[in-house]
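The values are calculated or read from the model by the stated rules, or taken from the named source; none is laboratory data. Source: prediction; values computed, not measured. Neighbour counts run over all protein chains shown; Cβ positions are idealised from the backbone, glycine included.
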Amino acid sequence: MEEKEYPLLMQELGFVISPTGEEMKFGNWKPAIRRMDEQDYHTEAFQKQIIATKRYEKLGVLLNENFDITSQCPFLAQNGIIVGLNQTDGSFTPSVPNIFLLFPSAMSEEQIKKMIEKKEELLQFEPWLHTIRIIDSKKNTVDRVGSINEFYEKYVYPQVREISKQGR
């Protein structure tokens with residue numbers, strides 16, 4: 001199969017943003033067929049480049065290494081960690097960009113600042129967005145929104161206004 005160039009919307013396989021606003025990226029995106037050939041998947045990259053670090057250890061969130069990262073994303077969000085997985089296949093033309101995002105319902109001020117910085121990057125996925133889930137661990141509910149703009153209007157900007165009211 002002839003290898004084609006694909007516009008990369010995000011260079012990584014994924015990212016997490018801690019409650020302190022620290023972004024940790026993992027993996028290098030490449031077409032799914034190459035990832036399969038090289039056994040280079042989201043879970044393996046996450047385990048090697050995130051879980052194995054002191055930065056992640058400080059978060060105190062233990063994951064079960066027997067499960068893939070996708071199935072553990074809700075647990076991470078319940079523990080206040082934002083997760084983004086670049087699920088763009090890239091093996092066929094045209095390739096449809098795809099991202100999977102999970103957020104805690106109450107983001108920290110530092111996470112909100114980081115999400116405002118990331119908005120333009122995330123908007124590139126907008127026409128093809130897979131799903132955004134917001135996990136509310138206090139109410140034990142999951143909300144879904146259909147667009148990056150809807151997410152910002154419903155979850156990010158209200159928290160920005162609240163922070164502004166409090167004079168921070």
Check your understanding: Among the residues of the range 152-163, is there at least one that is at pLDDT 90 or above, aromatic (Phe, Trp, Tyr) and loosely packed, with under 14 Cβ neighbours inside 10 Å?
Key -> yes
Practice item. Report yes if some residue within the range 152-167 is farther than 26 Å from Gln11 by Cβ and part of a loop (DSSP other than H, G, I, E, B); otherwise report no. Key: yes
Revision key, fill the gap. In the range 129-168, anything in contact with a Phe, Trp or Tyr (Cβ under 9 Å, 6 or more places away or on another chain) and of a type in the set (Lys, Arg) is listed as Arg133
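Within the range 114-148, how many residues are basic (Lys, Arg), at pLDDT below 85 and assigned to a strand (DSSP E or B)?
Looking only at the range 114-148, we keep the residues that are basic (Lys, Arg), and these are 114, 118-119, 133, 138-139, 144.
Okay, now just the ones that are also at pLDDT below 85, so 133, 138-139.
Right, trim to assigned to a strand (DSSP E or B) and you get 133.
Going through the range 114-148 one residue at a time, the tally reaches 1.
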